[in-house]
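Novice: I have a structure here, written as structure tokens, and I will follow up with some questions on it.
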Amino acid sequence: MYLDKAERVEFYHSKEWTDLRQQALARDNYECQWCKDEGRVSSGVLEVDHIKDLEHYPEYALDLDNLRTLCKDHHNQRHNRMKYSSKKHRKPPKWDDERWD
């Protein structure tokens with residue numbers, strides 16, 4: 001069974017999802033789990049990711065064990081949605097004395 005886009009939008013606006021999302025964030029101490037694995041402190045917007053994606057695995061939609069907290073950058077990376085600029089993803093400078101930050 002697959003969920004189409006309209007069904008996924010409806011799900012993400014449900015009270016069940018909102019409540020479970022808060023549980024996942026609290027369980028993960030409001031930290032991006034990939035940043036944590038890299039030894040970094042996450043910053044910015046936190047999102048809750050379905051490990052087995054909602055579109056293809058709707059039976060895991062409300063399974064807390066199927067959720068993890070990711071920062072926006074890692075969540076977009078996980079879904080190959082790199083359509084915006086981020087400091088982390090900039091090219092390294094060509095010269096050692098080139099600084100723009």
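The values are calculated or read from the model by the stated rules, or taken from the named source; none is laboratory data. Because the structure is predicted, anything quoted here is derived from the model rather than measured. Glycine gets a Cβ as well: all are built from the backbone with ideal geometry, and neighbour counts include every protein chain shown.
Novice: Return the pairs, sorted by first residue and then second, in which the second residue is among the charged types (D, E, K, R), the first residue lies in segment 6-22 and is farther than 18 Å from ASP65 by Cα, the beta carbons are less than 8 Å apart, and the residues are 6+ apart or on different chains.
Specialist: ARG8/GLU55
Novice: Scanning segment 45-64 for residues that are farther than 11 Å from ARG21 by Cα and in a helix (DSSP H, G or I), which turns out farthest from the chain's Cα centre (by Cα)?
Specialist: Among those residues, the one meeting the criterion is GLU59.
Novice: Can you report the number of residues in segment 45-81 which are among the polar types (S, T, N, Q) and surrounded by fewer than 17 Cβ atoms within 10 Å (Cβ to Cβ)? Let's see the steps before the verdict.
Specialist: Within segment 45-81, the first condition is being among the polar types (S, T, N, Q), and the residues that meet it are 66, 69, 76-77, 80.
Cutting the leftovers down to surrounded by fewer than 17 Cβ atoms within 10 Å (Cβ to Cβ) gives us 77, 80.
The number of residues fulfilling the criteria is 2.
Novice: Here's another thing I want to ask about it. Could you please find all residues in segment 22-44 being assigned to a loop (DSSP other than H, G, I, E, B), modelled with pLDDT of 95 or more and surrounded by fewer than 16 Cβ atoms within 10 Å (Cβ to Cβ)?
Specialist: Matches in segment 22-44: ASN29, TYR30.
Novice: Restricting segment 65-75 to residues that are more than 16 Å from TYR12 (Cβ to Cβ) and outside any strand (DSSP E or B), which is modelled with the highest pLDDT?
Specialist: Of everything passing the filter in segment 65-75, ASP65 is modelled with the highest pLDDT.
Novice: Within segment 1-14, identify whether any single residue is modelled with pLDDT of 95 or more, in a loop (DSSP other than H, G, I, E, B) and in contact with a strand residue (DSSP E or B) (Cβ under 9 Å, 6 or more places away or on another chain), and answer yes or no.
Specialist: Scanning segment 1-14, I find no residue that is modelled with pLDDT of 95 or more, in a loop (DSSP other than H, G, I, E, B) and in contact with a strand residue (DSSP E or B) (Cβ under 9 Å, 6 or more places away or on another chain), so the answer is no.
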